[in-house]
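So the structure is just underneath, and the comments pick up after that.
The values are calculated or read from the model by the stated rules, or taken from the named source; none is laboratory data. Here the structure is a predicted model, which is why all the values come from computation and not from measurement. So basically every Cβ, Gly included, is an ideal-geometry build from the backbone, and we count neighbours across all protein chains shown. Areas reflect the complete protein model, heavy atoms only, side chains present, ligands, DNA and RNA absent. Shrake-Rupley method; radii C 1.70, N 1.55, O 1.52, S 1.80 Å.
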Amino acid sequence: MTGPGDPPTDEDVALAGEYVLGALALEDRQAAALRIARDPGFALEVARWEARLDPLAEEVRPVTPPARLRRRIEARVFGAPRQARPWSWLVGAGGLAAASLAATLWLGQPQPPAPGQGGEGLWISDMVSPDGTVRLAALYDADSGEMRVSVGGAAPATGRDFELWLIQGEAAPISLGVMPHQGQAAMPIPEDLRPLVAEATLAITDEPEGGSPGGVATGPVVAAAPLRRI
Amino acid sequence: MAGQDSELSELIARVVLRDRQAFLDLYSASAPKLFAITLRLLKDRAEAEDVLQEVFVKIWNNADRYLPDVASPAAWLNAVARNAAIDRLRARRPAARSEGLDAAERLADPGPGPEAEAILRSEGRRIETCMEELPSDRAEAVRRAYVEGESYLELAERYAVPLNTMRSWLRRSLIQLRACLSA
């Protein structure tokens, strides 16, 4: 998190500008994108460059897209059930399998953590609020890159949502999305975040409905637990 | 353009609240510009259509990330489109880019009348003035990167300079533009 006494370096400003210019090679671009997700100060520099350079796009004259595109977009955006973030919720899907997954996560014997190998295996994080009223279990399959969560216990207050965060070392938490109030959900973890999942801690915070407005956690931490290999 | 900005801001705010009609209105207001941007960068109609779908899914999902204090709503929407198109462009295998007819120019809607054009231009006048202060080949390279999506590698080949030289040209040009714009 960038504080007021922590101005961006010239190097950060230049890199943010290069990202917005778009000329970086794939690897450098991906590294910068990861930085945007983890470092709000850097993300702000990028937003400033976007505003600064935007008039260069004035010369691009509008082109009306084909009508079928609008229908496809409508189907993609509205066709799915509640979709607060780029998660594909499978709420209620999977029935028994999902229910037994939840039972395994809550009742299963904890295994001793294995040495960190981010690229493979199953990882779980069992988050329980200190008063025991909110429980959220997450199971991450590093081979498929999919995370499944199971939410139980007390729901957030009216007008609030629980949001899940990935915390790796000292870096700013990365939002993984808004949680359903009850039940199971599955989501693919974006490829660029996968290397960060192993050894990370997951946390849920209490946020305004729809999730934290600025991509930075604003509410109190409800529960947190490290991911451990099973 | 202040009227258009406040209209777009309101639509984005309503999209955050999951207002479907606002999303459709936002699509009508912004899709032609965003499609043109993706088409110009990708120079491939099918790919541009594909990316435009991603762009509007992102707008629906991430409208809460728009920072009204930092950028105009149009600048934010344009950035979402540029980012998605450039991500796609960089993920392509290094391939020969079409150097022939510019699809975006060929397909462009009839341009605005001279009066509207003058208003449009005044918005960009400041950056145009600053671009003119750069050596002309560097200003051209900035434009080729930003508008046409050329990479450092492609620009280095075009201007027959080493990759690192091209990168430091453009970095210096950016810093100079930033200083000029904040002067």
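For the reader, a short list of remarks on this structure follows.
- Screening the candidates B:Ala63, B:Ala71 for the property of being more than 9 Å from chain A (Cβ to nearest Cβ), modelled with pLDDT under 95 and open to solvent by less than 20 Å² (accessible area, probe 1.4 Å) yields one hit, B:Ala63.
- Within the range B:1-48, the set of residues being open to solvent by 10 Å² or more (accessible area, probe 1.4 Å), touching a residue at least 12 places away in the same chain (Cβ under 8 Å) and over 17 Å from B:Ala75 (Cα atoms) comprises B:Val16, B:Asp25, B:Lys43, B:Asp44, B:Arg45, B:Glu47.
- Residues (surrounded by 16 or more Cβ atoms within 10 Å (Cβ to Cβ) and either modelled with pLDDT under 55 or over 12 Å from B:Leu181 (Cβ atoms) (or both)) located in the range B:115-133: B:Leu120
- Residues located in the range A:24-42, provided they are within 9 Å of chain B (Cβ to nearest Cβ), open to solvent by less than 60 Å² (accessible area, probe 1.4 Å) and out of contact with any Leu (no Cβ under 9 Å at 6 or more places or on another chain): A:Arg29, A:Ala33
- Residue, farthest from the other protein chains (Cβ to nearest Cβ), within the range A:191-227, restricted to residues that are without any contact (Cβ under 8 Å) to a residue 40 or more places away in the chain and out of contact with any helix residue (DSSP H, G or I) (no Cβ under 8 Å at 6 or more places or on another chain): A:Ala200
Residue-wise test of (1) open to solvent by 40 Å² or more (accessible area, probe 1.4 Å); (2) under 22 Å from A:Pro130 (Cβ atoms).
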{"residue": "A:Ala185", "(1), (2)": "no, no"}
{"residue": "A:Ala198", "(1), (2)": "no, no"}
{"residue": "A:Glu209", "(1), (2)": "yes, no"}
{"residue": "A:Gly215", "(1), (2)": "no, no"}
{"residue": "A:Pro220", "(1), (2)": "yes, yes"}
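- Qualifying residue in the range B:157-167 (condition: of a type in the set (Gly, Ala, Ser) and facing another protein chain (nearest Cβ under 10 Å)): no
- Single residue of B:Glu140, B:Glu157 found to be surrounded by fewer than 18 Cβ atoms within 10 Å (Cβ to Cβ), under 22 Å from B:Arg82 (Cα atoms) and at pLDDT 95 or above: B:Glu140
- Residue count for the range A:148-173, restricted to those that are open to solvent by less than 10 Å² (accessible area, probe 1.4 Å), closer than 15 Å to A:Glu199 by Cα and out of contact with any Pro (no Cβ under 6 Å at 6 or more places or on another chain): 1.
- Residue under evaluation A:Ala102, criteria (1) exposed (fewer than 14 other Cβ atoms within 10 Å of the Cβ); (2) in a helix (DSSP H, G or I); (3) at pLDDT below 50, criterion not met: (1)
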